[in-house]
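Here is the structure we will look at, set down as structure tokens.
The values are calculated or read from the model by the stated rules, or taken from the named source; none is laboratory data. If you're wondering where the values come from, they're calculated on a predicted model, not measured in any experiment. As a convention, Cβ positions derive from the backbone with ideal geometry for all residues, glycine included, and neighbour counts pool all protein chains shown. Calculation scope for accessible area: heavy atoms of the full protein, side chains included, ligands and nucleic acids excluded. Shrake-Rupley method; radii C 1.70, N 1.55, O 1.52, S 1.80 Å.
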Amino acid sequence: MNSPIDRRAFLSTAVAAGAAATLPTRLLAQEAKELVIVSFAGQLQEPHQWLAKRMEEKHPGLKVRLVPSESQDVVAQIKAAQGYSPYDALPNGEPPHLIGIRDGYIEKVDPAKIPNYANLVPDFVAKSQGYGVPASYSLIGIAYNEKMVKTPPKGWADLWNPEYRGKVGIPRASSNLGLGVLVIAAKTFGGSEDNLEPGWAKLQELKPIVGRSPTQLLQMLEREEIALAPIWNNDAAGAADKGLPIKFIKPTPGPVAIVSFMSAVAKTRHPDLVAEWMNLLLSVEYQTRAANAPYFFGPTVKDVPIPEAAKPYTPATPAEVLALQSVDWAKIAPVRGKLVEQFDRLFAS
């Protein structure tokens with residue numbers, strides 16, 4: 001026979017179970033709800049962390065889980081999923097965004113569910129092709145170690161200045177930065193996305209020091225193994241913020257802007273919450289925060305003031321915005337594998 005204490009425990013458990021059974025199904029589902037967002041690594045994830053906190057405060061019981069991950073790993077898991085996707089939304093730069101559209105693992109956006117969509121810069125919206133929202137953009141400019149460079153470069157063509165011979169680093173074409181540099185070299189010397197031969201020739205003429213990744217290029221600049229390199233504005237800003245002697249320029253005729261999109265993953269469990277996430281992403285409050293130090297993400301929403309600290313790294317005037325260059329990734333992405341192979345053949349160490 002149970003003791004009185006045991007009976008009370010039993011009755012308490014039974015009452016709790018009965019109360020849970022009478023709770024609205026919607027409330028129980030909300031308590032177990034998790035929104036899984038692919039995010040950036042390290043410090044650049046902080047704006048998303050702020051956004052996640054806002055979402056959780058608005059929806060008691062909701063957990064927003066940010067997963068820093070390489071897009072290729074994420075895509076493999078999404079494609080292998082049976083039923084609902086393990087992720088609800090993910091950021092993509094322009095090349096993988098186009099692949100996501102082609103392969104069908106990201107969804108079209110419904111602007112009616114995203115009020116702030118109306119405030120986006122139209123040129124960025126056009127690049128999205130109706131999938132996801134343009135969340136930010138980063139620049140490819142030139143970073144240099146001021147201890148090693150007497151005459152700072154002003155334009156892209158200056159990378160070929162004899163003063164810098166043997167001191168210029170470039171990234172492999174396996175990265176978006178590396179592909180962007182190839183297109184920049186082609187366009188600077190009379191080529192285009194349809195005619196990359198001038199780019200290949202000029203990069204070989206440069207006799208560059210090749211870095212495996214943008215991160216390694218930055219480390220090489222810090223160690224004075226190279227003096228200059230095409231680099232992301234965010235990376236250059238982060239290095240300067242740590243006190244390293246790294247300067248960044250927005251070279252003439254203009255730096256290259258590469259847009260990052262936030263897209264709903266096909267078969268997400270929570271399309272309405274993803275739409276809300278994207279709407280907050282496009283708020284002036286979030287965009288201003290992400291544009292400021294130490295992140296320096298370019299705003300995609302109209303009338304976002306550029307913080308003073310960001311002006312060396314982000315276009316701050318209408319003239320600077322108009323000078324931005326872009327890459328026609330629709331022509332580059334389909335042949336990406338061949339370009340990487342050609343790069344590795346030409347610059348094998």
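Things to note:
- Hits in region 321-334 - residues which are exposed (fewer than 13 other Cβ atoms within 10 Å of the Cβ) and either among the basic types (K, R) or assigned to a helix (DSSP H, G or I) (or both): L322
- When region 237-261 is filtered for residues that are open to solvent by 50 Å² or more (accessible area, probe 1.4 Å) and assigned to a strand (DSSP E or B), the ones remaining, listed by number, are K247, T252.
- Y295 vs. criteria touching a helix residue (DSSP H, G or I) at 6+ places or on another chain (Cβ under 8 Å), open to solvent by 20 Å² or more (accessible area, probe 1.4 Å) and touching a residue at least 40 places away in the same chain (Cβ under 8 Å): yes
- Pairs with Cβ under 9 Å, 6+ apart, first in region 50-68 and over 12 Å from E276 (Cα atoms), second among the hydroxyl-bearing types (S, T, Y) and surrounded by 14 or more Cβ atoms within 10 Å (Cβ to Cβ): W50/Y286; L66/S39; V67/S39; V67/Y87; P68/S39
- Pairs, first touching a residue at least 60 places away in the same chain (Cβ under 8 Å) and buried (at least 22 other Cβ atoms within 10 Å of the Cβ) in region 170-190, second assigned to a helix (DSSP H, G or I) and of a type in the set (D, E), C-beta under 8 Å, six or more apart: A173/D344; N176/E94
- Residue satisfying all of: in region 274-304; β-branched (V, I, T) and in contact with a strand residue (DSSP E or B) (Cβ under 7 Å, 6 or more places away or on another chain); nearest to Y131 (Cα to Cα) among these: V274
- Subset of region 128-158 (residues that are assigned to a loop (DSSP other than H, G, I, E, B) and open to solvent by 10 Å² or more (accessible area, probe 1.4 Å)): Q129, G130, E146, K147, M148, V149, K150, T151, P152, K154
- If the condition is being in a loop (DSSP other than H, G, I, E, B), of a type in the set (G, A, S) and crowded, with 19+ Cβ neighbours inside 10 Å, then region 209-236 contributes only A227.
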